[in-house]
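Enquirer: Mind looking over this structure? Questions follow.
Values in this text are rule-based calculations from the coordinates and carry no lab data. Model, not experiment: these values are computed from the prediction. Here the Cβ positions follow ideal geometry from the backbone for every residue, glycine too, while neighbour counts run over all protein chains shown.
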Amino acid sequence: MSNNTIDARLLRQMFLAGAKNLELNKEWINDLNVFPVPDGDTGTNMTLTILSAVKEVQNLSEVTMETLSKAISSGSLRGARGNSGVILSQLFRGFTKELKTLELLDRPAAARALQRATETAYKAVMKPKEGTILTVARGISDKAAELAEEEGDMESFLEQLISHGEYVLSCTPDMLPVLKQAGVVDSGGQGLIQVLKGTYDGLLGKEIEAPQAAEQKPTAEEKASAGAASADLGDIKFGYCTEFIINLEKEFPLEEEHSFKAYLESIGDSIVVVADDEIVKVHVHTNDPGLAIQKALTYGSLSRMKIDNMREEHEEKLIREASRVAAEEKVKEQAAAEAAKASEPRKEAGFVAVSIGDGLAEIFRGLNVDYIIEGGQTMNPSTEDMLQAVDHVNADTVYIFPNNKNIILAAEQAAHLVIDKQIIVVPSTTVPQGITGVISYSPSRTPEENREVMIEEMKRVKTGQVTYAVRNTTIDDRPIHEGDIMGIGDHSSLLAVGSDIASVTQDMLEAMVNEESELISIYYGADITEEDAEKMQMAVEASYPDCDVEVHYGGQPIYYYIVSVE
């Protein structure tokens, strides 16, 4: 059945299907990123952004164009993460502004809404770059304007928009040489296409299978917290829960059944043996599943075999419980700290910084930063995270240090939503820049003057980060193989590649240090020992005797070293 118009309930169905399809393809979209670093990136950010809106949409008690528009706009705005997520939220914001006064959506109305979506997204970016999600959005809205007055149903309209959007997406490598060299299309543009493809399936009434939630591996802290309780594992006498079905190939009389049960009891407990003329269902807890299987094979072939490590399951249960208790304690501590802070008189200035790693967090706290948002390269905080952080800072003016280029837009978006405080977003793109920015604050200057001084001081800071490659690619005509160690500089420049962390760090520094350099600061990550960090310090001091070399524990994941040169 064809549709010439779309009502609010159908649009809700389409939006939810678009979100599902994006979530289903998020890892593929992540893999399109130019730099092969192990970060949660475009696909993850866009998915978390749209899922924030999904939550609002699913909670609607009454579905109208107005309520649906508000839910999509507000949910995506507050949940926006990373540049791609912020741009996606702005596309939704512009689209729904045109939508909320309508009862039905037809071709002309959809074309106007898509045009407004594109305009809103372009305005949100200080320096729009072609060859990105913005280019794909504009291509789609231009095509919609062309098709708006043609006769036809909404199915063919959306189908043609997707087809043209895919064509524009295929052209993005010709607009951005870095995409062409890496052999990928723009990841944000691909994410937008996946949303549209999902909405098309939703329009047709197709079911999109939701992806399975990714398995969350316990952190080292959670494992340690569960350590004391792990003594309970000794209560599990037999470690493997073993189940299977015997497809009988010979007679299995009652006396044979008793004999088989007796054998299982000699190697385990929790025995269940249920037999009929053709099959025997078996359940046993044992320390050697192979013995049970070998015995069973004497009666016939096996099917539906399942072996679970009960000790591992029990340990995971303990870890989950320890994590829950730790989280509750953390909430209590934070509430107590906030209550104490709320009772203090309001300050003139407060500070929020984005960082990950307990060492880096301590450094920022030592510089009187009021609130640390945990995140950065591995998880970009949302606009809502920024708003909550600002809310916890009892000050007239709050400075936000994003410390990552992919978080600046979310911070700026949050700044527009705060009405009771002055928010100053200092566009720090790295942690060392953020540290320099905080140090540069002076209470004798106005907030605007402080921002200008901070930006000028941050320009003196060069940053390099050492991590590993998660796939094969080519950057700056240099081949990179999965597992290689990379030294990445400012503006995502590739400074060094190799197989050894220490040598790549040294090569990276060689590209950063010049005759004007005075200070080298090294922040070592969670995967680097203190001993290795001290060796690195000695090697750097020997190479650059005219520079002061400082080493700090950062504790950051994924990045072995973060290095700054001033």
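Enquirer: So between Ala511 and Glu566, what do we pick up on full extension, going 0.36 nm a residue minus the alpha carbon distance?
Expert: Working: separation 55, 0.36 × 55 = 19.80 nm, distance 1.33 nm.
This chain segment gains 18.5 nm when fully extended.
Enquirer: Below 12 angstrom from the Cβ of Ser521, what's the summed charge of the other residues (Lys, Arg +1; Asp, Glu -1)? Don't skip to the end; give the middle numbers.
Expert: Details: positive: Lys462; negative: Glu518, Asp548, Glu550, Glu566.
Residues near Ser521 contribute -3 overall.
Enquirer: For Leu302 and Thr474, FRET efficiency with R0 = 56 Å and r from the beta-carbon atoms, rounded to 0.05?
Expert: On the way: r = 49 Å, r/R0 = 0.87.
It comes out at approximately 0.70.
Enquirer: Here is a further query. Write down, largest first, the equivalent ellipsoid semi-axes of segment 1-127 in whole Å, where each equals the square root of 5 times an eigenvalue of the alpha-carbon gyration tensor. Show your work: numbers first, answer last.
Expert: Working: eigenvalues 134, 52, 37 Å².
Equivalent ellipsoid semi-axes, largest first: 26, 16, 14 Å.
Enquirer: If you take every residue apart from Asp420 with its C-beta less than 11 Å away from the C-beta of Asp420, what net charge results, scoring Lys and Arg +1 and Asp and Glu -1? Display every interim value, and only then the final one.
Expert: On the way: positive: Arg346, Lys421; negative: Asp391, Asp396.
Summing Lys/Arg as +1 and Asp/Glu as -1 gives 0.
Enquirer: Further question: Over segment 345-458, what is the mean sequence separation of C-alpha contacts under 8 Å (at least six apart), divided by residue count, expressed as relative contact order in percent? It would help to have the intermediate numbers written out before the result.
Expert: Values: 205 pairs, mean separation 28.5, N = 114.
Once normalised by length, the contact order is 25 percent.
Enquirer: Give the order of Arg304, Arg471, Arg138 when sorted by the count of other beta carbons within 10 angstrom, beginning with the fewest. Intermediate results must be reported in sequence, preceding the final value.
Expert: Details: Arg304 10, Arg471 14, Arg138 20.
So the ranking, lowest neighbour count to highest, is Arg304, Arg471, Arg138.
Enquirer: A follow-up question, please. Treat the count of other C-beta atoms within 10 Å as a stand-in for reagent exposure and order Thr529, Thr172 from fewest to most.
Expert: Working: Thr529 9, Thr172 24.
Neighbour counts put them in this order, fewest first: Thr529, Thr172.
Enquirer: If R₀ is 45 angstrom, what is the calculated FRET efficiency for the pair Asp358 and Lys237, using the beta carbon separation as r and rounding to 0.05? Don't jump to the answer; show the numbers that get you there.
Expert: Values: r = 39 Å, r/R0 = 0.87.
Efficiency, from the Cβ-Cβ distance: 0.70.
Enquirer: Next question, about the same structure. On full extension of the chain, what length is gained from Glu265 through Asp142, given 0.36 nm per residue of separation minus the C-alpha to C-alpha distance?
Expert: Details: separation 123, 0.36 × 123 = 44.28 nm, distance 7.35 nm.
That works out to 36.9 nm of additional length.
Enquirer: Can you list residues from other chains, or at least 5 along the same chain, whose modelled amide H is less than 5 Å from the amide H of Ile279?
Expert: Here Leu248 satisfy the definition.
Enquirer: Collect residues whose amide H, placed 1.01 Å from N in the peptide plane, falls under 5 Å from the amide H of Ala80; neighbours closer than 5 in sequence don't count.
Expert: Under 5 Å from the amide H of Ala80 lie the amide H atoms of Thr383, Glu384, each far enough along the sequence or on another chain.
Enquirer: Could you tell me what percent of the DSSP beta bridges with both partners in the chain are antiparallel, to the nearest 5? Please list the in-between numbers first.
Expert: Values: 45 of 65 bridges.
So the antiparallel bridges in the chain amount to around 70 percent.
Enquirer: OK, next. Distance from the Cα centre of segment 524-566 to that of segment 118-165, in angstrom?
Expert: Segment 524-566 and segment 118-165 have Cα centres separated by 48 Å.
Enquirer: Same structure again: Cut-off is 10 Å between beta-carbons; in what order do Leu104, Leu169, Leu494 appear when sorted fewest neighbours first?
Expert: Working: Leu104 14, Leu169 22, Leu494 18.
Fewest-to-most Cβ neighbours within 10 Å comes out as Leu104, Leu494, Leu169.
Enquirer: Of all DSSP beta bridges in segment 450-553, what percent run antiparallel (nearest 5)? Numbers along the way, then the final one.
Expert: Working: 11 of 17 bridges.
Taking every DSSP beta bridge within segment 450-553, about 65 percent pair in antiparallel fashion.
Enquirer: In deg cm²/dmol and to the nearest 500, what is the mean residue ellipticity at 222 nm of the chain if only DSSP H runs of at least 4 residues count, each as -39500 (n - 2.57), divided by the residue total? Don't skip to the answer; put the middle values down first.
Expert: Numbers: 21 runs with 290 residues, N = 566.
It comes out at -16500 deg cm²/dmol, rounded to the nearest 500.
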